[in-house]
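First the structure, in the form of structure tokens, and then the observations on it.
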Amino acid sequence: MPKPPKPAPKKSPQSAHNALPLKGRIISGMWKGRVIKLAVNEEIRPTKDRVRAAVFNMLGTRVDITGATVADVCCGSGAYGLEALSRGGVACDFVDTDVRLVAENSAALKAEKARIITSDAQAWTPAKPVATLVFCDPPYQSGLARKLWERRAVISAPQAWWVIEVAEEDDPPFEGMEEAVVRVYGKTRVVIGRG
């Protein structure tokens with residue numbers, strides 16, 4: 001007679017900051033190999049190193065990251081923006097409602113070009129829309145990616161490149177996006193384009 005299956009372990013509710021952090025690494029540039037914390041809980045799904053590597057490989061043929069002004073919106077750990085700074089980005093605005101983890105990672109790397117902003121992504125408007133590269137990784141099924149894309153004129157410079165992570169089942173490309181490239185990695189759909 002077969003054994004009954006073991007019950008799944010119970011999940012305890014944790015905040016993003018209190019969750020047991022996963023670790024990731026900066027892939028290239030001046031901080032190559034440096035460890036960063038990637039918290040995980042039911043609301044946060046950190047971008048895997050391999051997905052980040054693939055994104056930066058795709059960006060490498062489209063945009064010169066050296067000299068880019070970056071915005072990492074719904075930044076979580078700040079992995080995308082920190083990677084861009086490591087590769088020569090001139091400055092990065094990190095925007096999220098809970099910035100404790102990105103602040104910790106930025107401090108560990110001594111990221112002097114990081115500007116950490118505690119704000120709801122929909123409410124955030126920079127003093128000047130100068131970002132030439134925007135990373136947008138909001139919670140899945142929130143509709144926030146599309147709303148932020150629709151506000152691109154107040155968030156980024158004209159013809160800025162955007163990297164947007166959405167759930168696999170979401171419908172890209174976004175209205176008005178040029179040169180769109182879409183890749184799927186597991187349950188994550190990455191959309192790269194400009195507008």
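Each value in this text was obtained by applying a stated rule to the coordinates, not by laboratory testing. Here the structure is a predicted model, which is why all the values come from computation and not from measurement. Every residue, glycine as well, gets a Cβ built from its backbone with ideal geometry; the counts of neighbours run over all protein chains shown.
Across the range 22-194, the relative contact order, built from alpha-carbon pairs under 8 Å that are at least six residues apart, equals 17 percent. Taking trypsin sites (Lys or Arg not before Pro) across the range 114-195, the ones in a DSSP loop with at most 12 further Cβ atoms lying within 10 angstrom of their Cβ are K187.
Sequence-ordered 3J(HN,Hα) estimates for the range 145-152 from the Karplus curve with 6.51, -1.76 and 1.60 and θ = phi - 60° stand at 4, 5, 5, 5, 4, 5, 9, 4 Hz, glycine and proline given as x. A Cα-only calculation for the range 30-167 places Rg and Dmax at 13.5, 35 Å.
Between the amide H of A91 and those of V70, distances stay under 5 Å, these residues lying 5 or more places away or on another chain, with hydrogens modeled in the peptide plane.
Checking every one of the GluC sites (Glu not before Pro) in the range 112-195 against DSSP loop status and a limit of 10 other Cβ atoms within 10 Å picks out E112, E169, E175. Phi angles of the range 105-113 translate, via the Karplus equation with coefficients 6.51, -1.76, 1.60 and θ = phi - 60°, into HN-Hα couplings of 5, 5, 5, 4, 8, 6, 7, 5, 8 Hz per residue; Gly and Pro are given as x.
Straightening the chain between V184 and R100 buys 27.3 nm, computed as 0.36 nm per residue apart minus the Cα-Cα spacing. Pairs exceeding a 28 Å alpha-carbon distance, out of K23/K147; K48/K110; K23/K187; K128/K187; K48/K128: K23/K147; K128/K187; K48/K128. Phi angles across the range 74-91 convert, under the Karplus curve 6.51 cos²θ - 1.76 cosθ + 1.60 with θ = phi - 60°, into 3J(HN,Hα) values of 6, 6, x, 7, x, 4, 5, x, 5, 4, 5, 5, 4, 8, x, x, 7, 6 Hz, Gly and Pro given as x.
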